[in-house]
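Working notes for the structure below.
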Amino acid sequence: MNFDESVSYLYGLGHETLAVKLGLENVTRLLRRLGDPQGRFPSVQIAGTNGKGSTAAMLDSIARAAGVRAGLYTSPHLVSVTERVRVGGLEISRDEFARHATRVREAAEEVGRESGALPTFFEQVTGVALSAFADEKVEVAVLETGLGGRLDATTAAGARWVAVTPVALDHQEYLGDTLAGIAGEKAAIIRPGARAVVAPQEPEALEVILRRCRESGVEPRFTTEEAEVEEAGADGRLRVSIRTARAEYAGVRLALRGRHQLVNAAVAVALAEMLAEDGYSISREEIVEGLETAEHAGRLELDERTRPPILYDGAHNVAGARALRAYLDEFAPREGVTLVFGAMRDKELGEIGRVLFPAARHLVLTRPESPRAASVEELLRAVPVPPSSSTIALAPSSRDAMTIARTHTPPEGLVCVTGSLYLVGEVKAQLEHNDGES
């Protein structure tokens, strides 16, 4: 298959959430057919509701600063599926993606004949990532868990180091409708023999995670000790201080925006220190450099090349909405914010709307191109009564939504695209296409 054929094949397997089949049996069979590539390098697995992608990006950045050849596997992608698989900070090439996807397809079809079920989109892309990392001879792979943990395809890699970022309610239809139930799914990545980092948690979630640690004979490392914000810059970036048992990281200016990144940075530091303890050459200075240069597209990502500037943030659940609202309350320009919002219908739209929409001077509701997306009429029902925004517009497409947003927003204001990473990806793809034509 060439790249376009491989993408068409993978998408033909069904949407990664709608067609999800949680369980490790098929992905384990798939990896075995591929020669168990995950056994050729050690892995770090990061689970949690919010922050796992940012934490993974920070740890990958630290590895690069230290000269450690790392593979990074994240999801979802925004514009191209190649974003999910990176080595040394660079996306896998389209040709290499196609080559590995072809191998994985052949193995998956054998698994399908054997088990009666073809491996899913996410299982096969996970196979692509692990196969690529083996070929690239990475020294460590950093894996962002897709959904949950216990039955997520990334768990089949058998990570040596694991972390659980803050747990909140999300994907209840798959993971359970209580915080304890969701925490149990995510804590299951903690296994005998692994080393674990645990971020600050709600008491209900923490109890479950600690029980899992005891059952697995794992002594967790917590990140709750001494981490504080020294200063918040006008651009939303923090200068922080993190003190651990090994070192003090003072005056670190985090590259990723928002106060919630302090927790993610503390988890990344704890993981990096574990890697150093286990033989990787990672210094304090390299940890600082990694935190100060990390990149994570679509998460409080500010594009100032346009006027008005555009802030992208895939705040797809209530916890993410609260983090974005806190950022906007603190750092939004006086000229106001136009919120372009689209989300999946299975989200807590009413609560997300109550949190986010009052931050907008102008609100534009739209529908991302996803079978799971909420209609604009469903989104309209999530607007608080009485509405706090000066204007509310309904846009049939993200392209129309951006046209409306730019019309309503002064050059020194801010357009914030949020609610779903699928919407963020759509808008970014449109703007990149327009830039390419100019």
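Largest mean-square fluctuation among R212, R86, R32, in a Gaussian network model of the chain whose springs join Cα atoms under 10 Å apart, belongs to R32. Derived scalar couplings between HN and Hα for region 306-312 equal 10, 10, x, x, 10, 9, 9 Hz in order, rounded to whole Hz, by the Karplus curve 6.51 cos²θ - 1.76 cosθ + 1.60 (θ = phi - 60°), x for Gly and Pro.
Among T102, T409, T391, the largest mean-square fluctuation in a Gaussian network model of the chain (Cα springs under 10 Å) belongs to T391. The helix-based estimate of mean residue ellipticity at 222 nm for the chain, built from -39,500 (n - 2.57) per DSSP H run of four or more residues and divided by its residue count, is -12500 deg cm²/dmol to the nearest 500. Each of E273, E231 was scored by other Cβ atoms within 10 Å of its Cβ. Arranged with the fewest first, they read E231, E273. Just need the relative contact order of region 301-437 here, percent rounded to a whole number, with Cα pairs under 8 Å and 6+ apart. Answer for region 301-437 is 35 percent. Counted over the chain with a bin width of 10 Å, the fraction of Cα pairs per bin, in whole percents, is 5, 22, 31, 28, 13, 2, 0. Each Lys and Arg adds +1 at its Cβ and each Asp and Glu adds -1 at its Cβ; summed about the Cα centre, the chain shows a dipole of about 400 debye. Rounded to whole numbers, the Karplus 3J(HN,Hα) couplings from phi for region 288-294 are 4, 4, x, 5, 8, 10, 5 Hz, using 6.51 cos²θ - 1.76 cosθ + 1.60 with θ = phi - 60°, and x at Gly and Pro.
Just to be sure I understand: of the beta bridges DSSP finds with both ends in region 3-293, what percent are antiparallel, rounded to 5? If you can, show how the numbers build up before the last one.
On the way: 15 of 33 bridges.
About 45 percent, rounded to the nearest 5.
Legend: P(r) of region 301-437 from all alpha carbon pair distances, 5 Å bins from 0, whole percents, reading 2, 11, 23, 27, 22, 11, 3, 1, 0.
When the charge dipole of region 111-155 is built from unit charges on Cβ atoms (+1 for Lys and Arg, -1 for Asp and Glu) and taken about the Cα centre, the candidate among L143, S115, T126 whose Cα reaches farthest toward its positive end is S115.
Report, in debye and to the nearest 20, how large the dipole of region 301-437 comes out about its Cα centre when Lys and Arg carry +1 and Asp and Glu carry -1 on their Cβ. Walk me through the numbers on the way to the answer.
Details: 15 positive and 19 negative charges, 75 e Å.
The calculation lands at about 360 debye.
By other beta-carbon atoms within 10 Å, ranking H408, H100, H260 with the fewest at the front produces H408, H260, H100.
Relative contact order, percent, of the chain when contacts are C-alpha pairs under 8 Å separated by at least 6 residues?
On the way: 938 pairs, mean separation 67.4, N = 438.
Relative contact order comes out at 15 percent.
Tell me the Kirkwood radius of region 1-124: reciprocal of the mean inverse pair distance over distinct alpha-carbon atoms, in Å.
On the way: mean 1/r = 0.0639 Å⁻¹.
After inverting the mean inverse Cα-Cα distance, the result is 15.6 Å.
None of the figures in this text is laboratory data; all of them are computed from the coordinates on show. Please read all numbers here as calculations on a predicted model, not as lab measurements. Using ideal geometry, Cβ is built from the backbone for each residue, glycine included, and neighbour counts are taken over all protein chains shown.
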